[in-house]
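Trainee: Mind having a look at this structure? Questions to follow.
The values are calculated or read from the model by the stated rules, or taken from the named source; none is laboratory data. Since we're looking at a predicted model, the values are computed, not measured. Cβ coordinates were reconstructed from backbone atoms using ideal geometry, including for glycine residues, and neighbour counts include every protein chain displayed.
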């Protein structure tokens with residue numbers, strides 16, 4: 001009987017270890033708001049109105065610029081993407097690709113007002129808009145009067161919690177390690193048969209988007225030489241996708257690169 005008891009204990013411990021490993025493999029940061037199953041589901045690529053979106057991990061300190069809108073009474077009491085019931089009086093927001101329960105500071109660039117929100121929904125699915133604030137968050141930013149506004153959105157933490165300054169640096173290191181595999185993500189903004197034309201566009205995009213590096217990749221496709229103009233320096237596919245949408249680069253493509261020149 002004692003032997004059976006110890007066997008059950010060992011099996012139970014082994015199962016707990018395996019469960020913990022599987023959750024770490026999912027990249028899940030435990031949260032009281034979002035279940036592990038829902039977290040996994042909301043991190044899968046999805047399609048809305050013919051456009052595909054790619055949720056992905058981000059770092060504390062990551063910043064995006066774009067347009068913010070707000071949503072209120074029409075959605076109050078309905079379910080959000082992470083399974084919560086939407087409360088327009090809570091300071092939450094929708095983002096197309098960030099993990100559920102990401103904590104971010106939204107600053108209205110036009111009037112200087114700011115507020116902290118928790119991501120619990122997907123959207124907004126409108127070109128140029130990067131975040132959709134709840135009524136309470138929108139009101140704090142002045143969106144209830146303005147409708148939409150240019151904003152800066154900065155990631156402060158995950159799992160519904162802000163990370164203190166010391167912990168933020170550790171989180172950044174972990175995130176950087178996790179995105180090394182995605183360092184070959186690029187946005188292709190053009191492809192030309194003549195190097196001179198590619199070089200011209202390389203200069204144009206280098207000046208237009210100085211945050212990213214504009215490079216030329218030479219391809220030989222069955223004897224046909226092409227020069228691709230790429231923007232590189234994205235930490236993840238989701239950042240590249242957000243950049244493409246934010247700048248209305250509908251003709252651009254998200255690609256991977258190997259060797260570079262330029």
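A quick yes/no check of all residues on (1) at pLDDT 80 or above; (2) buried (at least 17 other Cβ atoms within 10 Å of the Cβ):
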{"site": "162", "(1), (2)": "yes, no"}
{"site": "165", "(1), (2)": "no, no"}
{"site": "182", "(1), (2)": "no, yes"}
{"site": "201", "(1), (2)": "yes, yes"}
{"site": "246", "(1), (2)": "no, no"}
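Trainee: If a residue must be in a helix (DSSP H, G or I) and more than 14 Å from residue 65 (Cβ to Cβ), how many such residues does the stretch 234-243 contain?
Mentor: From the stretch 234-243, those in a helix (DSSP H, G or I) are 237-243; that's our starting set.
With more than 14 Å from residue 65 (Cβ to Cβ) added as a condition, the list becomes 237-238, 240-241.
Of the residues in that region, 4 qualify.
Trainee: Has the stretch 190-199 got at least one residue that is closer than 16 Å to residue 257 by Cβ, modelled with pLDDT of 85 or more and in a helix (DSSP H, G or I)?
Mentor: yes
Trainee: Suppose we keep only residues that are within 17 Å of residue 160 (Cβ to Cβ) and in a helix (DSSP H, G or I) within the stretch 10-36. Which one would you say is modelled with the lowest pLDDT?
Mentor: That would be 23.
Trainee: Now for a different question. Output yes when any residue across the stretch 73-87 is outside any loop (DSSP other than H, G, I, E, B), surrounded by fewer than 19 Cβ atoms within 10 Å (Cβ to Cβ) and free of Cβ contacts under 8 Å to residues at least 12 places away in the same chain, and no when none is. Explain how you work it out, then say what you get.
Mentor: Taking the stretch 73-87 and keeping what is outside any loop (DSSP other than H, G, I, E, B), we get 79, 85.
If we keep only those that are surrounded by fewer than 19 Cβ atoms within 10 Å (Cβ to Cβ) as well, we get 79, 85.
With free of Cβ contacts under 8 Å to residues at least 12 places away in the same chain added as a condition, the list becomes 79, 85.
The answer is yes, given that some residue of the stretch 73-87 is outside any loop (DSSP other than H, G, I, E, B), surrounded by fewer than 19 Cβ atoms within 10 Å (Cβ to Cβ) and free of Cβ contacts under 8 Å to residues at least 12 places away in the same chain.
Trainee: State all residues of the stretch 88-100 that are farther than 19 Å from residue 148 by Cβ and either crowded, with 22+ Cβ neighbours inside 10 Å or under 10 Å from the mean Cα position of the chain (by Cα) (or both); if no residue qualifies, say none. Let's see the steps before the verdict.
Mentor: Narrowing the stretch 88-100 to residues farther than 19 Å from residue 148 by Cβ: 89-90, 97-100.
The answer is 97, 98, 99, 100.
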